[in-house]
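The values are calculated or read from the model by the stated rules, or taken from the named source; none is laboratory data. The model shown is predicted, which means the values in this text are computed figures rather than measured ones. A quick note on method: Cβ atoms are made from the backbone with ideal geometry, for glycine too, and the neighbour counts reach across all protein chains shown.
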Amino acid sequence: MNLTERVNEDLKQAMKARDEVKIRSLRSIKSAFLLLQTAEGQAPVTDEACLKALQKLAKQRRDSLEQFRNAGREDLALKEEQELVVLESYLPAQIDEASLRSNIVKLIEQTGAQGAKDLGKVMPLAMKEFGPVAEGKLISALVKELLG
């Protein structure tokens, strides 16, 4: 079962269970998948493209969550947090910071990067390798720290 089918099936189950949070979250996921499909000319959307869309949705939720908390809107922050939990259940497990740090150190050694001037060498490789399992902000911060 591909990701699109899984989301559709989970949406049916959430509707039967009357789980409003899941329904709202899964509808936003389904909407993102439909936008992808129309952008690609009705061709079947790959799971890889769907994962990228899910990562984008999760990033949007994290950003909104941070903004709502900064503005003191806990009611809206709670809503975003609930949706983020549902979104993350469809994403691959995220790598912890310690493992990410050690993997970036290995990547820096492999590329022979010496300092901040080599950021352009390391960042594209790090994003390609760890992008699906780690947040871009964290990757960027660790690479800058380790090269700086």
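With respect to the numbered conditions (1) farther than 29 Å from residue 8 by Cα; (2) of a type outside the set (Gly, Ala, Ser); (3) touching a Leu at 6+ places or on another chain (Cβ under 9 Å); (4) surrounded by 13 or more Cβ atoms within 10 Å (Cβ to Cβ), which one is the sole condition not fulfilled by residue 50?
Going through the list (1) farther than 29 Å from residue 8 by Cα; (2) of a type outside the set (Gly, Ala, Ser); (3) touching a Leu at 6+ places or on another chain (Cβ under 9 Å); (4) surrounded by 13 or more Cβ atoms within 10 Å (Cβ to Cβ), residue 50 breaks only (1).
Assess whether residue 141 counts as being surrounded by 14 or more Cβ atoms within 10 Å (Cβ to Cβ), more than 30 Å from residue 4 (Cβ to Cβ) and either under 17 Å from the mean Cα position of the chain (by Cα) or not aromatic (Phe, Trp, Tyr) (or both). Please lay out each step first, then the result.
Values: surrounded by 14 or more Cβ atoms within 10 Å (Cβ to Cβ): no; more than 30 Å from residue 4 (Cβ to Cβ): yes; either under 17 Å from the mean Cα position of the chain (by Cα) or not aromatic (Phe, Trp, Tyr) (or both): yes.
No.
From the list 30, 52, 56, pick out the single residue that is over 12 Å from the mean Cα position of the chain (by Cα) and either at pLDDT below 95 or not hydroxyl-bearing (Ser, Thr, Tyr) (or both). Break it down into steps so the answer makes sense when it comes.
Working: 52 fails: over 12 Å from the mean Cα position of the chain (by Cα); 56 fails: over 12 Å from the mean Cα position of the chain (by Cα).
It is 30.
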